[in-house]
1. Relative to the Cα centre, what is the charge dipole magnitude of the range B:13-70, using +1 at the beta carbon of each Lys and Arg, -1 at the beta carbon of each Asp and Glu, and rounding to the nearest 20 debye?
2. Under a Cβ-only charge scheme (Lys and Arg +1, Asp and Glu -1), can you give me the dipole magnitude of chain A about the Cα centre, in debye to the nearest 20?
3. Tell me which of A:214, A:276, A:238 sits at the most positive position along the dipole axis of the range A:189-313, charges placed on C-beta atoms (Lys, Arg +1; Asp, Glu -1).
4. Rounded to the nearest Å, what's the spacing between the alpha carbon centres of the range B:190-235 and the range B:373-418? Just the number, please.
5. So what is the relative contact order for chain B, in percent, with contacts set as C-alpha pairs under 8 Å and at least six apart?
6. Give me the mean projected area, in nm² to one decimal, of the convex hull enclosing the Cα positions of the range A:146-265.
7. Mind jotting down the three principal axis lengths of chain B based on Cα atoms? Whole angstrom, largest first.
8. Could you give the accessible area per residue of the range A:197-326, probe 1.4 Å, as a whole number in Å²?
Amino acid sequence: MAVMSYIQAVTTALREEMLRDEKVFILGEDVGKKGGVFRATEGLFDEFGEYRVLDTPLTESAIAGVGIGAAMYGMRPVAEMQFADFIMPAVNQIISEAAKTRYRSNNDWNVPITIRAPYGGGVHGALYHSQSVESVFANQPGLKIVMPSTPYDVKGLLKAAIRDNDPVLFFEHKRAYRLLKEDVPEEDYVLPIGKADVKREGSDITVITYGLCVHFALQAAEKLAEEGIDAHILDLRTVYPLDKAAIIEAASKTGKVLLITEDNKEGSIIGEVAAIIAENCLFDLDAPIMRLAGPDVPAMPYAPTMERYFMVNPEKCEKAMRDLAEF
Amino acid sequence: MGTENITMPQLGESVTEGTISSWLVKEGDKVTKYDPIAEVLTDKVNAEVPSSFSGIIKELVAKEGETISVGEIMCTMETEEKGIDQKEATIEPPRNNSDFNKSDETSKKRYSPAVLRLAQENDIELTQINGTGKGGRITRKDVERVISSKPSVSKDVPNQQSSPSISNPKPHRTVSDESPDTSINTGDMEIPVTGVRKAIAENMVISKQEIPHAWMTVEADVTDLVSYRNLVKNEFIHSEGFNLTYFAFFIKAVAQALKKFPELNSTWQHDKIIQRKAINLSIAVAVEDKLFVPVIKNADEKTIKGIAREVYELSEKAKNHKLTTEDMQGGTFTVNNTGTFGSIHSMGIINHPQAAILQVESIVKRPVIIDNMFAARDMVNLSLSLDHRVLDGLVCGRFLAYLKEKLENMNETSIQMF
């Protein structure tokens with residue numbers, strides 16, 4: 001066991017997979033010599049050389065497209081989008097090609113690519129460095145979207161993503177990179193994609209969320225525990241396709257459900273979670289399904305006061321959770 | 001002058017902490033705004049931190065080599081000017097005061113799907129549970145607590161043949177649990193319950209379940225009223241074009257009595273009683289299988305003739321299905337003309353959310369003893385149903401006594417028709 005930050009878990013998983021399987025290679029902007037703008041690929045260029053850690057031009061459509069082509073030929077590319085915000089030029093490649101190739105070719109071809117991208121706000125990154133983009137891809141069967149919340153989950157899930165025979169979008173919260181640290185086993189392990197994880201057992205209210213918001217909810221839960229409010233927290237981990245059984249079980253457990261995302265509220269992942277609960281849990285529900293999310297404005301503002309207004313934080317979680325508990 | 005804190009700035013995206021590699025100032029140093037005060041090392045950058053204020057360094061809170069989180073205090077300063085208010089606009093969650101739940105019962109009857117299901121599966125009478133939720137709402141946990149402490153609150157319903165084992169409740173009760181006597185036999189007719197019938201049924205159930213009814217009846221001698229009405233009725237229909245019914249006189253008298261006893265002109269609102277100023281009398285009008293309750297607004301301000309006209313118009317409208325919602329809204333007390341059906345005594349169901357209903361029974365000629373002699377008099381029973389939460393026997397008795405007096409004194413000289 002070693003204490004590892006969230007971003008170190010990314011680097012470790014990449015390195016171990018590259019050692020394990022020589023078909024694994026990395027491509028992206030500044031991932032080589034520089035080691036990535038966040039240092040996620042630090043040291044890999046020196047260890048594996050320029051043919052396995054490729055610096056690309058500033059062309060996201062090519063990063064995805066080259067990766068998809070290589071994947072179809074049997075390679076295991078890990079493409080990095082420098083920021084999730086920059087993934088938009090690659091959307092056509094991802095949705096029209098990566099997601100659909102297996103279906104279109106009747107199983108003759110598959111695309112085992114992993115596309116990593118840092119997402120999320122609260123870092124004074126403003127418009128182009130703060131967005132959550134998962135909902136753009138979350139109704140494209142053929143894709144998987146993984147959004148881990150802890151260093152332990154990062155290592156196990158990134159390995160699983162690389163070994164998966166189909167395209168996986170792997171969104172890492174950039175604020176979590178250096179904020180979150182925990183013991184991570186040194187041995188090789190994978191965690192199942194498509195499975196949610198109970199991060200805290202509780203009996204009064206259920207919080208279902210993912211990414212950095214899991215921590216906000218956990219912090220709020222610790223405070224509320226002092227008031228006798230016992231929160232059950234489910235971390236989705238994979239936001240597409242959703243782990244319906246786990247969602248239904250968690251929602252039914254307490255009948256009072258709060259869904260949290262830092263994405264804009266309308267059309268977000270949690271809207272689909274709410275629909276699953278509404279379809280399956282009516283007679284266990286004890287309160288309206290509650291959502292805590294970013295406001296429906298075009299982007300994360302830059303001004304600190306406005307950014308605080310936009311971002312979910314532990315205080316907002318605490319208030320929403322208390323409101324729900326008191327309902 | 002004031003003391004300000006200089007906090008660890010955010011030195012890049014994803015950076016959450018920084019290490020003070022060296023202080024460029026010491027305590028007591030005078031610095032001006034934007035002067036570098038410290039070198040800070042993060043895992044992304046090495047940067048100088050500028051002062052946010054002009055003033056004198058008071059205390060270096062963080063030591064060299066120490067790693068602190070973004071937003072934590074690095075040092076404090078005595079400033080010359082009023083600095084920027086660095087206090088974060090924290091969102092203060094509104095605290096519930098502890099007796100919030102006790103006084104507010106507005107959501108006591110708002111049952112969630114989970115609560116209703118648990119109550120049905122376990123035969124729990126929800127009205128006997130104290131809710132701990134917002135507005136006195138009964139939460140799923142409240143019901144679960146009761147279930148785990150059964151059978152203390154469980155209610156034994158006598159009609160248990162349909163589900164013999166209460167000790168072992170089925171998880172989901174199905175429609176096939178119907179008791180045998182509701183099955184359809186040959187020749188039976190099934191009448192779907194819709195529209196007005198359904199609304200009537202629902203209102204009656206609400207009223208009967210919620211309101212603790214109590215009843216009182218007095219009899220009034222209306223011989224003088226009857227003779228007066230007989231005297232003028234033919235002329236009235238000639239000149240006005242519609243019948244002069246006894247009912248109009250009763251409504252007038254009730255309106256006057258309500259003016260004197262406004263307690264009866266009120267409504268129960270859980271934690272308060274609202275006494276209505278306007279006297280709007282609902283009158284029940286039956287049309288075949290339907291029952292309408294149009295309203296005579298401000299009845300106390302109307303003449304007997306005006307009331308008679310309105311009763312006539314409203315019943316015509318009811319017969320022709322022309323009553324509007326407007327016609328039926330705002331009633332504060334109901335007068336029910338049960339006498340039309342020949343009834344001499346009845347116990348009405350209060351028109352929820354009003355506090356009382358008066359049944360005006362049939363006027364019948366009866367032998368009555370006056371001054372130790374038999375006399376043939378026109379007698380009428382007035383039956384009052386009252387909401388015992390709002391009203392007691394005393395005030396209702398006085399109301400009925402006053403009403404009786406008013407009616408018994410209605411005669412040729414006292415009645416003002418117009």
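The values are calculated or read from the model by the stated rules, or taken from the named source; none is laboratory data. Everything quoted here is computed from the prediction, not taken from an experiment. Positions of Cβ are backbone-derived with ideal geometry, glycine not excepted, and every protein chain shown enters the neighbour counts. The area values use the complete protein model at the heavy-atom level, side chains included, leaving out ligands, DNA and RNA. Shrake-Rupley method; radii C 1.70, N 1.55, O 1.52, S 1.80 Å.
1. It comes to approximately 220 debye.
2. Values: 34 positive and 49 negative charges, 97 e Å.
Dipole magnitude for chain A comes out near 460 debye.
3. Working it through, the farthest residue towards the positive pole turns out to be A:238.
4. Computed from Cα coordinates, the inter-centre distance equals 16 Å.
5. Worked out over chain B, it gives 13 percent.
6. Working: hull surface 32.3 nm².
Value for the range A:146-265: 8.1 nm².
7. 117, 60, 45
8. Here the per-residue accessible area is 38 Å².
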